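Structure first, then comments.
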Amino acid sequence: MWGIDLNNDAAIEVEGLSKRYGDLMAVNGISFTVNKGEIFAFLGPNGAGKTTTVEMLECLRKPTGGKAYVLGYDISKDGENIKKRTGILPQDFATYDRLTVKETIQYFAGIFDSHPDIDGLIKQVDLEDKKDTLFRNLSGGLKQRLGIAVALVNDPELIFLDEPTAGLDPKARHVVWNLIEEFHKQGKTVFLTTHYMEEAETLADRVGIIHNGNIVALDTADRLISEYGKKNLLILKRTSSKAVPTIEKLGVKANFDGGDVKVPLNHAVAVSEILHELSKTNVHFDELQLKRSSLEDVFLNLTGESLGENDEI
Amino acid sequence: MSHIKLDLEAALRTFIRNKSAVFWTIAFPCVMILLFGAIFSQSSTKYDLYMQNQDQINGKATYWSTTIVNVLNSTKAFNIHLLDASINATDYAITNRISSLLIIPSGFNDTANMALFTHGSSTANVTLVYDQSTSSASIVRSIVTSVIDRFNFQLSKGVEYLNVEDLAIAPKPFSYIDFFLPGMIGMTAMTTSIFTSVSISARFKENGVFHKLATTPLKRYEWILSRTIYNVLVSYLGMGVMIILGIAFFSMKMTINPISLIMVAMASLMFSGVGMIIARFVKDPDAADAAANAITFPMMFLSGSFFPLSQMPQFLQAIAQVLPLTYVNEGLRATMIFGQSQQAILNTVLITVLGLLFIVVGSWITKWEED
C-alpha cells in the first residue's frame, strides 16, 4: 500500500503527491490527511498548487508522483468510483447555458444515475424563485449556488469546493459559507481551496497552507495563528504620547505612531489592566481597537509573501 | 445509453431555445435555395445567339439556311436574334458588343447541295463571329460546332432531314435546381456539423463546461455520440426544409430513400469528427470559428456544391477528387436526382468509412481536461 496505512477515519490520504509541468513543479511531494466529517481548507495564493492538488484528487489530472486515496479509493485506479461518490464544485462552475436551474439539476442527477429530491436541493441552495431561470441569466453568486446543488445530486460523502466564493460579493459569499456549514452539520467532509484567509479561518476545522507546491503549515487556524502569527495588537486611536509610559509601567511595550498608540499584547497583561491604568491618568483616546492576528500574518510569516487577496471580504 | 439520451435532450432543448440558431439553421438553406433557384431555374442554360442569313433568294431564305436556323433553334439552348441580311454583321457585332454571331453566307444552299452530291469533297461553310473574351462565347461555339458536326454526320448517313429530337444536344432534362439542391444538402450537413462541433468544443473548453462534465460519470464517448446524433438531426432539419422548398417552389421531383438519409447521417458523422480535430488545435472560440471557415469555405466551392466540377479547371477538379464533400454531393445527386443507386451506394460506403475514421480520430484526440 506504498507507505499509507489506510485509516477508516480518513476521507482523503495523500502521501508524497507531486505534479510536474515541464520544468515547473506545481505540487512538490505533499502529504496530508483529511478526516471524515471535517472541513479542510487549502489556503494559498493563486498559483500555489491548490487547484492542481484538488484536481488530482478529483481524478482530473494524473499525478507525476506519489499516492492518494479518496474515500479509500486509489486516485490512479478508481477514478470512476471516486467520481460517483464525491461532489465537485469546480472553479467558475459552468454548464449548458440554456438549461434552467431545475433542468440542470435534473441533467446532472441523470448523469449520476441518482434520484435526489430536486425541489429539496433547490430549496437548500435557496434558488426556489429562480428554478425556471436559464443558467445564462443567473448572477455569479446564483451560478455558484447552483453549482453547489449540482455537487450534491449524488448525496456525496465528500465535497470538493475549489475557490467556491472567488469573485463573489460579500453577501453572496456569506450565503455560500452558510451552505458549507450546513454540510458540516450533516456530517459531510468538505475539502475547500481558497485564497481568502477569512474564509479558511471562519469555515475550516483545519487549514493547510500551501506555497509554491509545498505545504508549509497544517493545523487548526487558532493553533497556526498562535504559533506563526503576530501578537494581538491593542490600538488607542487619536491619543497622547503620554499614554506610552503609563502602559509600559505594566511591563509591555507601547509605540506612539501618528497620533495612535499601539500595544502588542502578550499573556503577561490583560487589556482590562491597561484600561484601568489609563483611567487613573488624564490621558484620553477617541477609539479603542483590538486587532487580532490572522492567517494572513501566518502566511506572511511563513513565506515572506502576502496572500494577495485583491477583493475585500 | 440513458446518458446519451439525456445529453441529446439537453442539446436539443438548448438548440430550440437558441432562437438565432434555429432561425439560421432554417433561414440559410431557404435563402440559398430560393435565391439560386430563382436565378438559375428560369433562364436555365439559354444563351444569346445572333444570326444573319445572307442566303436568300428574292427575300426568301433558302432551304438549307432555314434548316440550319431551325435546327439551332430546336436545341432550346439559344435565344436566337435574326439580323437583317443587308447590314455589315461583323461591324454590328463589334459596335453592339455581341459575343456570338453566326453568319450563313450567300450561296450556302448551293454549296451545301454540291457537298451532298460530291459526298463531301467540297464543304458548305458558315461563319461564327465571337468575342473570345466572354465565357458564354466559347459555350455557344461548342454547341454550334456540335450541331453542325451532328448535322454533317446525319447527312453522310443519307438521312435527308434532321428533326429536333435527333439533333438534340439540348440541355439534359435536369435543371440547375436539381443539381443545386443535393449540393446544398451536402453543404449544410458539412457546415452544421463542423461549426457546431468546433464552436461547442472550443466554447465548452473555455467556459469550463468540459471541466464540470469531466468530474461526472459521463463518458467522453457518450457525450460525443450525443453531439453527433444532434448534428445529424440538425442536418436532417436543414435537408427537410430544402426539400420542401424545392418541391413547393420549383416542382422538383426527387427520391428520398434510406441511402440519401444514411449519406447525410454519415456526412454529419464525418464532419463532426473533422470539427473535433480542428477544435483540438485551436485555443479559443474565435480562432475556432476562423479555422472552421478556412476549412468549409474552400470545400463548399471546390466540391461541386454550387457548380458542376466539369466547369472547373483541371487542377481544381483534381483537388475536388480528394475532398470528402465531393463524394457526399455526388452521392446525394446520384440517389436523389439521377437514380444511380450503384454510385450512390458506393459513395455512401466511402463516406461511412471516412466518417468512422474521422469520428474515431476526433474522439480520440478530444480531451475534456489536459493532464
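The values are calculated or read from the model by the stated rules, or taken from the named source; none is laboratory data. Every value quoted in this text rests on a predicted model; they were computed, and no experiment measured them. Quick reminder, even Gly has a Cβ in these numbers, built from the backbone with ideal geometry, and neighbours come from all protein chains shown.
Of the set (1) of a type in the set (A, V, I, L, M); (2) in contact with a helix residue (DSSP H, G or I) (Cβ under 8 Å, 6 or more places away or on another chain); (3) within 14 Å of chain B (Cβ to nearest Cβ); (4) crowded, with 23+ Cβ neighbours inside 10 Å, all apply to A:Ile39 but (3). Among the residues of segment B:208-266, the ones that are more than 14 Å from chain A (Cβ to nearest Cβ), assigned to a helix (DSSP H, G or I) and within 30 Å of B:Asp178 (Cα to Cα) come to 31 in all.
Taking the listed residues B:Lys205, B:Lys253, B:Lys212, the one that is of a type in the set (D, E, K, R) and surrounded by fewer than 22 Cβ atoms within 10 Å (Cβ to Cβ) is B:Lys253, with no other qualifying.
Screening A:Val70 against (1) touching a strand residue (DSSP E or B) at 6+ places or on another chain (Cβ under 7 Å); (2) at positive phi leaves a single unmet condition, (2).
Scan the helices (runs of 4 or more DSSP H) fully inside segment A:212-313 and keep the ones with 3 or more residues being closer than 30 Å to A:Glu38 by Cβ.
Numbers: elements: A:221-228, A:243-248, A:271-279, A:295-303.
So the answer is A:221-228, A:295-303.
In segment A:65-75, of all residues being assigned to a loop (DSSP other than H, G, I, E, B) and more than 16 Å from A:Gly16 (Cβ to Cβ), the one that is farthest from the other protein chains (Cβ to nearest Cβ) corresponds to A:Gly72.
B:Thr188 meets all of the listed conditions (1) surrounded by 23 or more Cβ atoms within 10 Å (Cβ to Cβ); (2) over 22 Å from the mean Cα position of the chain (by Cα) but one, namely (2). For segment A:90-102, the criterion of being free of Cβ contacts under 8 Å to residues at least 24 places away in the same chain and assigned to a helix (DSSP H, G or I) is met by none of the residues. The residues of segment B:62-79 that are aliphatic (A, V, I, L, M) and touching a Lys or Arg at 6+ places or on another chain (Cβ under 8 Å) amount to a single one, B:Ala77. Criterion applied to A:Asp126, A:Asp155 was being within 17 Å of A:Arg85 (Cα to Cα), in a loop (DSSP other than H, G, I, E, B) and of a type in the set (Asp, Glu), and the one residue passing it is A:Asp155. Taking the criterion of being touching a helix residue (DSSP H, G or I) at 6+ places or on another chain (Cβ under 9 Å) and free of Cβ contacts under 8 Å to residues at least 40 places away in the same chain, the residues of segment B:317-340 that qualify are B:Gln317, B:Ile319, B:Ala320, B:Gln321, B:Leu323, B:Thr326, B:Tyr327, B:Glu330, B:Ala334, B:Gln340.
From the list A:Arg136, A:Arg85, A:Arg98, exactly one residue is at pLDDT 90 or above, facing chain B (nearest Cβ under 9 Å) and surrounded by fewer than 21 Cβ atoms within 10 Å (Cβ to Cβ). Which is it? Spell out the reasoning first.
Working: A:Arg136 fails: facing chain B (nearest Cβ under 9 Å); A:Arg85 fails: facing chain B (nearest Cβ under 9 Å).
After ruling out the rest, the residue left standing is A:Arg98.
Taking segment B:10-38 as the range and being surrounded by 14 or more Cβ atoms within 10 Å (Cβ to Cβ) and among the polar types (S, T, N, Q) as the test, the residues that pass are B:Thr14, B:Asn18, B:Thr25.
Kindly list, by first and then second residue, each pair from a residue in segment A:44-64 that is within 10 Å of another protein chain (Cβ to nearest Cβ) and farther than 20 Å from A:Val216 by Cβ to a residue that is among the acidic types (Asp, Glu) and in a loop (DSSP other than H, G, I, E, B), limited to pairs with Cβ atoms under 7 Å and residues at least 6 apart or on different chains. Filtered contacts from segment A:44-64: A:Leu60/B:Glu369; A:Arg61/B:Glu369; A:Arg61/B:Asp371; A:Lys62/B:Asp371.
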